[in-house]
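Comments concern the structure below.
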Amino acid sequence: MDAQVLQAALAQLQQVLEERWELTLVADNTYQFEYLTEPGIPMACLAWINPQSEGLFFRVVMQLPVEQHLRPLMAELITRINYPLANGAFALDYETGDLRFKSANSIPNECSGAFSYTSFDSFCLL
């Protein structure tokens, strides 16, 4: 991905995210924001563009670990949830209880119109 396409994609990503969330630039090409679920559970979110793989990556990390006694049930639940997903997957670190959602998508060379709130919203399942 050339520098001009990268800058255009980053500008579009920033614009889309800022429509709904307060952003922090945490690294080159990486934005962090907090998503508050319906029951009020905060989730740390990261969205970034990797110019080498020409992809948009998205991660959501549940800030509280899954309790040890619930991990077998959670593992079964996310297996059932993941099966029909076309893009992305939930992952559970069985040792620590960390639960996250991860997703990625390629960015077209001509990124004009590549991002919109609707496409990002459905891409990230938010």
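The values are calculated or read from the model by the stated rules, or taken from the named source; none is laboratory data. Predicted model, so just to flag it, every value in this text is computed and none were measured. With ideal geometry, Cβ positions are generated from the backbone for all residues, glycine too; neighbour counts draw on all protein chains shown.
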So, first residue in contact (Cβ under 8 Å) with a residue 12 or more places away in the chain in segment 36-49, second residue among the β-branched types (Val, Ile, Thr) and assigned to a loop (DSSP other than H, G, I, E, B), Cβ within less than 9 Å, six or more apart or across chains; the pairs are Met43/Thr37; Ile49/Ile107
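To keep it simple, each residue is scored yes or no on (1) closer than 27 Å to Glu95 by Cα; (2) of a type outside the set (A, V, I, L, M); (3) touching a residue at least 60 places away in the same chain (Cβ under 8 Å); (4) in contact with a helix residue (DSSP H, G or I) (Cβ under 9 Å, 6 or more places away or on another chain).
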{"site": "Val5", "(1), (2), (3), (4)": "no, no, yes, no"}
{"site": "Trp21", "(1), (2), (3), (4)": "no, yes, no, no"}
{"site": "Leu56", "(1), (2), (3), (4)": "no, no, yes, yes"}
{"site": "Val60", "(1), (2), (3), (4)": "yes, no, yes, yes"}
Report, by residue number, each residue of segment 19-41 that is within 14 Å of the chain's Cα centre (by Cα) and closer than 20 Å to Leu6 by Cα. Leu23, Asn29, Thr30, Tyr31, Gln32
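Results for (1) in a loop (DSSP other than H, G, I, E, B); (2) surrounded by 12 or more Cβ atoms within 10 Å (Cβ to Cβ); (3) in contact (Cβ under 8 Å) with a residue 60 or more places away in the chain; (4) of a type in the set (Gly, Ala, Ser), shown as yes or no for each residue.
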residue	(1), (2), (3), (4)
Val66	yes, yes, no, no
Ala75	no, yes, no, yes
Leu85	yes, yes, no, no
Arg100	no, yes, no, no
Find the strands (runs of 3 or more DSSP E) located wholly in segment 11-61 whose residues include 3 or more that are closer than 15 Å to Asn105 by Cβ, and list them. 42-50
For Ala114, all conditions in the list (1) modelled with pLDDT under 95; (2) surrounded by fewer than 15 Cβ atoms within 10 Å (Cβ to Cβ); (3) under 25 Å from Val26 (Cα atoms) hold save one; what is the number of the exception? (2)
Going residue by residue through segment 42-52, is there one that turns out to be over 16 Å from the mean Cα position of the chain (by Cα), modelled with pLDDT under 90 and surrounded by fewer than 13 Cβ atoms within 10 Å (Cβ to Cβ)? yes
Output the number of residues of segment 7-19 satisfying the condition of being among the small types (Gly, Ala, Ser) and without any contact (Cβ under 8 Å) to a residue 24 or more places away in the chain. 1
